[in-house]
Amino acid sequence: QIRVPTPQDILARKGGDPIVSLTAYTHPIAEMVDEACDFVLVGDSVGMVIHGLPSTLGVTMDMMVMHGQAVARALKHSMLVIDMPFGSYEEGPEQAFRNAARLMRETGCAAVKLEGGVEMAETIRFLTSRSIPVMAHVGLTPQAINTLGGYAVQGRGEDGDRVMADAKAVSDAGAFAVVLEKVPANLADGITAAIPIPTIGIGASAGCDGQILVVDDMLGLFTKFKPKFVKRYGTLFDDGKAAVEQYAKEVRARSFPAPEHIFADQAPEKKK
Ligand code: KIV
Ligand code: NA
């Protein structure tokens, strides 16, 4: 009997066995990652990874709904979390509720994720007190690229207090987990010890309560660039390219299709 974890189950994993997570944006990749993961995130990284956008800023609610539905149809083991895209929640709690409710209604996701710390606490409180589980995301928040000025490590030295305050604020506001992106390992360990909700690291620390990676990065399918925190466990882009080259060669040589791929004029007799 398979039981898909709930946000409460994820929260209860604080300090326990590490929580395993990857992103997914399409049905086949969601099927690939479902069994191994505790939750799957349809991240707004979909914009860069699948749509070739230069940042996550061009991602829309419609994109999140469509990819969310494709992934939802594949998941049997993992909990589904969907990112709220840039511009869909920052105006205020009501706007955030409207769009988060749409994601839940149209995809069946168990929770939404949004970026921001202290400044998003009021919105997180509004959602979580009205039946919408929220995963928070602090440290490097890619939707803030234009105000951060780049994808630099966040919270080094004195600046660590700011990220710590963000993590405490989202925890106090009712988030059931928080992603820590691209922060020093000692800060990630300090935050993990300081707050009662699971920390999900990406470019953070093995001491976090869980880890997440962008699936196309770890499969070696997205190869335009590789952040330092990504480990490539596969070579899918190279494997796919080699397969396509072999296909092209065989078409040109008329060795594909082979006899086993073609049809005779007469249907073969059915075996009794
Ligand atoms: O959009 C995304 O893929 C994310 C994860 C990297 C945490 O937010
Ligand atoms: Na994201």
Counting DSSP beta bridges with both partners in the chain, what percentage is antiparallel, nearest 5?
5
Partner lysines for LYS168 [C-alpha distance under 23 Å; skip if fewer than 8 residues away on the same chain]
LYS14, LYS113, LYS182
Out of residues 5 or more away from PHE39 or on other chains, whose amide H comes under 5 Å of its own, with H placed 1.01 Å from N in the peptide plane?
VAL20, LEU22, MET79
Relative contact order in percent for the chain (Cα pairs under 8 Å, 6+ apart) equals 16
So, by mean Cβ neighbours within 10 angstrom, what's the order for 251-264, 199-212 with the highest one leading?
199-212, 251-264
Under a crude label model (7 Å from the Cα following the beta-carbon direction), how far is ARG252 from LYS231 in nanometres?
3.9
Residue order, fewest to most surrounding Cβ atoms within 10 angstrom, among VAL42, VAL118
VAL118, VAL42
Ranked output for segments 182-194, 105-117, 140-152 by mean other Cβ atoms within 10 Å, highest leading, reads 105-117, 182-194, 140-152
Quick one: compute a quarter of the convex hull surface over the Cα atoms of the chain and quote it in nm².
19.2
Quickly estimate the mean residue ellipticity at 222 nm for the chain, helices only: each DSSP H run with n ≥ 4 gives -39500 (n - 2.57), and the total goes over all residues, rounded to 500.
-10500 deg cm²/dmol
Please turn the phi angles of region 137-146 into ³J(HN,Hα) values with the Karplus equation 6.51 cos²θ - 1.76 cosθ + 1.60 (θ = phi - 60°), one per residue in order, whole Hz, x for glycine and proline.
8, 10, x, 6, 10, x, 5, 9, 3, 6
With only Lys, Arg, Asp and Glu charged, each at its Cβ (+1 for the first two, -1 for the last two), find how big the charge dipole of the chain is about the Cα centre; round to the nearest 20 debye.
660
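Values quoted throughout were computed directly from the atomic coordinates according to the rules given, and no laboratory measurement underlies them. All values reported here derive from a predicted model rather than from experimental measurement. Note that each Cβ is placed from the backbone with ideal geometry, even for glycine, and that neighbours are counted across all protein chains shown.
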